[in-house]
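Some notes on the structure that comes next.
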Amino acid sequence: MSLYPTDTARLTLDLERAIAQGWNPVCRITYNRDTWVNLLQPLSAYSFNEAKLLCQEASGSWVAWVPDYGEVVLDRSDFYC
């Protein structure tokens, strides 16, 4: 008998409780100019799924260049390392 489903259910319940109590995970990754990042979704059917960060526009957004698309402003939630 495997304990995996029970462990998964317990972890899911613990996570739901933490979120319900106001837990807010914070990303500690700092991004720098000229960093290549992966896009969560390509911007078009023909563009790459990567972007090069050019400069930070605001605390949660970056001006970036995407091959076969061009320059775009990305929200922090649009990409990851």
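Every read-out reported here was derived from the displayed coordinates using simple, explicitly stated rules and does not represent laboratory data. Not measured: the values here are computed from a predicted model. Because the Cβ atoms are built from the backbone with ideal geometry, glycine has one as well, and the counts that use them run over all protein chains shown.
Computed from the Cβ-Cβ distance with R0 of 30 Å, the FRET efficiency linking A58 to N38 stands at 0.90. Annotation for N49 and D14: the two label points, set 7 Å from Cα along the Cα-Cβ direction, are 3.1 nm apart.
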